Ligand code: ADP
Ligand code: MG
């Protein structure tokens with residue numbers, strides 16, 4: 001692997017020509033902005049299809065770069081690095097929605113094929129723009145108000161949204177950038193604690209369930225989707241995904257898929273898009289947020305579908321055919337956070353008992369190769385596949401017990 005820092009070394013040309021026994025093979029070099037676990041799984045999928053991948057990420061310990069053919073180690077907005085990236089890659093995707101949309105714009109200006117497009121990523125980076133999109137596409141979402149400055153805190157209509165959650169409009173993830181607001185008096189301090197930047201106040205709704213839909217849409221407008229996922233969050237972070245989505249009425253599942261496809265269409269989106277939904281006790285389905293990339297709730301597709309969300313990302317990037325993925329096994333995915341590396345009783349560090357986990361039938365362990373475990377940090381995931389939902393759940397509960405995680409329904 002070549003490591004390029006500071007733009008000193010030139011990368012190989014965009015498509016490599018391999019002369020072997022008289023046959024020239026062209027292999028596309030694909031690029032990914034962001035070098036976390038999503039990038040790493042993109043690299044795996046692209047390489048399986050014979051492509052070479054360059055990762056642009058400033059972190060020398062990037063999990064994606066460790067698997068990639070080349071690592072361009074630079075800031076996402078470094079103009080020289082972006083020029084070099086565009087020159088060496090035929091097509092570029094992103095794995096990280098907080099990558100500056102301007103970087104994608106610049107790559108497109110350099111003539112690089114970019115999917116998703118900068119405008120789509122910019123929209124998904126901003127909760128208020130997202131809410132406007134939901135409204136204009138006719139997709140219901142949670143009651144909310146924009147709080148862009150101190151003066152907005154005085155709107156009388158805010159009282160109807162309490163108790164609520166104040167969220168920063170940008171840069172939030174895994175429950176970060178959010179504060180619970182119980183009373184009107186708490187609003188000012190909450191706004192101050194989030195840095196007084198643009199925010200959205202959402203009504204806190206009683207969740208009966210959370211689900212998500214992952215759609216892949218090509219340049220020709222054709223879209224396919226993964227089966228509906230049911231998600232359980234703990235402390236604002238995804239903890240468990242279950243497919244098929246147990247206990248979700250078929251008409252709600254159909255509506256969620258239709259909403260997700262409509263949103264992708266409305267944005268003229270190209271690439272993989274995840275739409276998160278809330279289902280309320282009264283049966284209402286509300287869009288929560290978008291992710292312009294593969295999503296944690298779609299990781300099960302690597303082991304339980306005949307086409308994964310990462311291969312779909314590669315195919316959309318290359319303009320290759322999209323085929324509806326088929327779920328060949330029922331699946332439960334457990335996220336493995338850094339907390340598992342700390343003993344619950346005394347806080348000493350430990351290695352989870354992987355052999356005991358891997359002794360379970362249908363266990364597929366994915367560790368992202370991160371050098372340091374921290375509480376709340378996504379270190380890996382475990383997908384349990386089974387012939388029936390009950391079997392997958394039963395084994396996943398056993399795995400949770402081995403790892404010291406709460407039971408699925410806990
Ligand atoms: P993030 O970008 O951190 O994923 P989300 O807006 O999806 O932010 O919030 C994380 C989780 O917090 C959601 O999946 C849900 O469990 C809970 N949550 C967020 N907003 C609300 C709300 N308005 N009412 C009830 N629960 C919420
Ligand atoms: Mg979310």
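The values are calculated or read from the model by the stated rules, or taken from the named source; none is laboratory data. A quick note: this is a predicted structure, and the numbers were derived from the prediction, not measured. Every residue, glycine as well, gets a Cβ built from its backbone with ideal geometry; the counts of neighbours run over all protein chains shown.
Every residue, every condition in (1) assigned to a strand (DSSP E or B); (2) under 29 Å from residue 62 (Cα atoms); (3) touching a residue at least 12 places away in the same chain (Cβ under 8 Å), yes or no:
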residue	(1), (2), (3)
345	no, no, no
356	no, yes, yes
379	yes, yes, yes
390	no, no, no
407	no, no, no
Restricting to the range 221-246, give me the number of residues that are within 16 Å of ligand 2 (Cβ to nearest atom), in contact (Cβ under 8 Å) with a residue 60 or more places away in the chain and under 19 Å from residue 301 (Cα atoms). 7
Breaking point among (1) outside the structural domain of residue 386 (by TED's automatic domain parsing); (2) modelled with pLDDT of 95 or more, for residue 184: (2)
Condition check: within 20 Å of residue 223 (Cα to Cα) and over 18 Å from the mean Cα position of the chain (by Cα). Does residue 319 satisfy that? yes
Report, by residue number, each residue of the range 170-190 that is touching a strand residue (DSSP E or B) at 6+ places or on another chain (Cβ under 6 Å) and more than 10 Å from ligand 1 (Cβ to nearest atom). 179, 181, 187, 190
Reported set for the range 140-179 where residues are within 16 Å of ligand 2 (Cβ to nearest atom) and either loosely packed, with under 14 Cβ neighbours inside 10 Å or assigned to a loop (DSSP other than H, G, I, E, B) (or both) is 142, 169, 170, 171, 172, 173, 174, 175, 176, 177
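Say we look at the range 82-96 and pick out the residues that are surrounded by fewer than 24 Cβ atoms within 10 Å (Cβ to Cβ) and touching a helix residue (DSSP H, G or I) at 6+ places or on another chain (Cβ under 9 Å); which of these is farthest from residue 273 (Cα to Cα)? Talk me through it step by step, then tell me what you get.
Step one: filter the range 82-96 for residues surrounded by fewer than 24 Cβ atoms within 10 Å (Cβ to Cβ), giving 83-84, 86-88, 90-91, 96.
Subsequent filtering for residues that are touching a helix residue (DSSP H, G or I) at 6+ places or on another chain (Cβ under 9 Å) retains 83, 86, 90-91, 96.
Numbers: 83: 26, 86: 23, 90: 21, 91: 18, 96: 12 Å.
Once the filter is applied, the top-ranked residue is 83.
Out of 238, 201, report the one residue that is closer than 21 Å to residue 144 by Cβ, buried (at least 24 other Cβ atoms within 10 Å of the Cβ) and either within 10 Å of ligand 1 (Cβ to nearest atom) or outside the structural domain of residue 322 (by TED's automatic domain parsing) (or both).
Values: 238 fails: closer than 21 Å to residue 144 by Cβ.
It is 201.
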Give the residues of the range 12-49 that are assigned to a loop (DSSP other than H, G, I, E, B) and at pLDDT 95 or above, sorted by residue number. 34, 35, 36, 49
